[in-house]
1. Only one of ASP116, ASP148 is outside any loop (DSSP other than H, G, I, E, B), acidic (Asp, Glu) and over 16 Å from the mean Cα position of the chain (by Cα); which?
2. Here is a list of conditions, (1) buried (at least 18 other Cβ atoms within 10 Å of the Cβ); (2) over 22 Å from the mean Cα position of the chain (by Cα); (3) more than 29 Å from ALA241 (Cα to Cα); (4) at pLDDT 90 or above, and LEU193 meets all of them except one; can you say which number that is?
3. Examine the range 153-160 for a residue that is part of a helix (DSSP H, G or I) and touching a residue at least 60 places away in the same chain (Cβ under 8 Å), and state whether such a residue exists.
4. Return a yes/no flag: does the range 199-207 have any residue that is in a helix (DSSP H, G or I), farther than 13 Å from VAL282 by Cβ and touching a residue at least 12 places away in the same chain (Cβ under 8 Å).
5. Cβ-Cβ under 9 Å, sequence separation 6+ or interchain: first residue in the range 125-141 and under 12 Å from PHE221 (Cβ atoms), partner outside any helix (DSSP H, G or I). Which pairs?
6. Is it true that some residue in the range 79-100 is under 30 Å from GLY297 (Cβ atoms) and under 18 Å from the mean Cα position of the chain (by Cα)?
7. Can you name the condition, by its number, that LEU273 falls short on among (1) in a helix (DSSP H, G or I); (2) more than 23 Å from LEU142 (Cα to Cα)?
8. If I filter the range 252-269 for residues that are assigned to a helix (DSSP H, G or I), modelled with pLDDT of 70 or more and in contact with a strand residue (DSSP E or B) (Cβ under 9 Å, 6 or more places away or on another chain), do I get at least one hit?
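The values are calculated or read from the model by the stated rules, or taken from the named source; none is laboratory data. It should be emphasised that the depicted structure is a prediction, and the values quoted were computed from it without experimental measurement. Note that we place each Cβ from the backbone using ideal geometry, even for glycine, and neighbour counts take in every protein chain shown.
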Amino acid sequence: MRAGYGFTVLSRLSTRCPNHIKIFRYLPMMENSSATSSRGECCVFSTPILAHVMAPVLIVEFLLGFVSNMLALWMFSFHTEAWKSHSIYLAHLTVSDAVVMLCLPFRAAYYVRGWDWIYGDAFCRFVLFMLATCRAAGIVFLTAVAVDRYFKIIHPQCRINRVGLRFINGICCGLWVFIVAMNVYLLTGNHFLYQGANLQCETFTVCMGFTLLHTWPDIFFVLQFVIPAAIVCFCTCSIIAHLRTNAVNNRSRISRAVYFVMTVALVFITCFLPSAVSRMAVWVLKARYDRCSHFQGASVAFYYLISLTYFNSVLNPALYYFSSPAFDGTIHKLFCKLCRKEAVRTQETQNNTGNATGAEGGN
């Protein structure tokens with residue numbers, strides 16, 4: 001047992017549950033601890049197969065997402081000639097996705113060690129805070145882009161379409177403040193759970209009774225999917241209905257916007273719906289049962305499906321193709337430049353080889 005981390009097990013009620021599920025009761029023990037109340041009885045799920053699956057999945061997501069988001073940041077920084085409202089939202093989206101990717105290696109190492117966090121309490125809180133905040137920011141800014149496309153197509157004469165970039169930046173700052181306020185509790189609460197000699201660092205736990213620390217993450221996680229998904233679906237359906245009933249001059253440009261909003265809706269459903277449903281299943285089971293064995297299936301499924309929310313940050317750079325012709329044009333120019341450099345290098349190599357062969361034949 002690691003007493004230095006500030007919590008000790010006072011009672012272990014494991015006779016009712018399988019060996020890999022435990023119930024713990026925690027009270028703060030460390031001197032000068034900032035904790036003020038007990039965590040109550042919490043279920044700890046540490047299925048070994050889950051750790052073996054999550055580690056490689058997170059590593060693959062990190063490799064793909066880090067490269068794609070760094071490329072997107074490079075394009076925004078050096079190849080954006082005229083900033084518009086949607087490009088500002090997408091730039092903030094890219095920053096949030098990049099931060100999510102930077103946090104994944106620590107979570108992968110956590111699973112590699114078999115659910116054992118070795119980086120300390122402060123860094124546990126920081127990583128969980130950044131993951132939750134930037135995941136929510138990604139959802140919010142994707143929704144903002146969908147709403148922006150909605151007003152541009154459905155209500156082109158609306159005053160909001162003529163606001164300046166300073167106003168858009170103010171909106172982005174306000175959204176960041178709201179998102180941070182919704183997740184700041186992660187920096188103040190304790191998120192450690194003991195499982196034998198291992199120390200778990202988790203945001204989503206199943207605890208008996210009602211405590212804000214354990215209930216709010218579930219509520220906010222579901223709401224941050226349900227509300228934006230409803231908004232995006234409304235924008236998508238409205239745009240499609242508008243195109244069917246009205247003649248549009250620049251149909252190719254409008255079609256690109258439609259594809260973008262439809263892709264955003266598809267990403268929302270694919271990446272967030274499964275984990276949101278599994279978390280709501282935990283709520284239903286918690287209302288009926290009070291033993292950990294009843295929550296095992298839904299909780300383990302949620303941990304598998306939470307990796308899809310990180311995959312959202314991998315897919316987001318692909319959405320930029322539909323957002324503006326400048327993005328796919330820049331990518332095309334980049335690959336053409338790389339291909340030309342490779343062709344020149346190959347030609348130089350062949351020439352050098354031919355010259356060396358000729359020199360040997362002359363001798």
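1. ASP148
2. (4) is the only condition that LEU193 fails.
3. yes
4. Within the range 199-207, none of the residues are in a helix (DSSP H, G or I), farther than 13 Å from VAL282 by Cβ and touching a residue at least 12 places away in the same chain (Cβ under 8 Å).
5. From residues that are under 12 Å from PHE221 (Cβ atoms), the pairs are LEU131/THR203; ALA132/THR203.
6. Going residue by residue through the range 79-100, those that are under 30 Å from GLY297 (Cβ atoms) are 100.
Of the ones still in play, those that are also under 18 Å from the mean Cα position of the chain (by Cα) are 100.
Yes: the range 79-100 contains one or more residues that are under 30 Å from GLY297 (Cβ atoms) and under 18 Å from the mean Cα position of the chain (by Cα).
7. (2)
8. Looking for residues that are assigned to a helix (DSSP H, G or I), modelled with pLDDT of 70 or more and in contact with a strand residue (DSSP E or B) (Cβ under 9 Å, 6 or more places away or on another chain), one finds none in the range 252-269, hence no.
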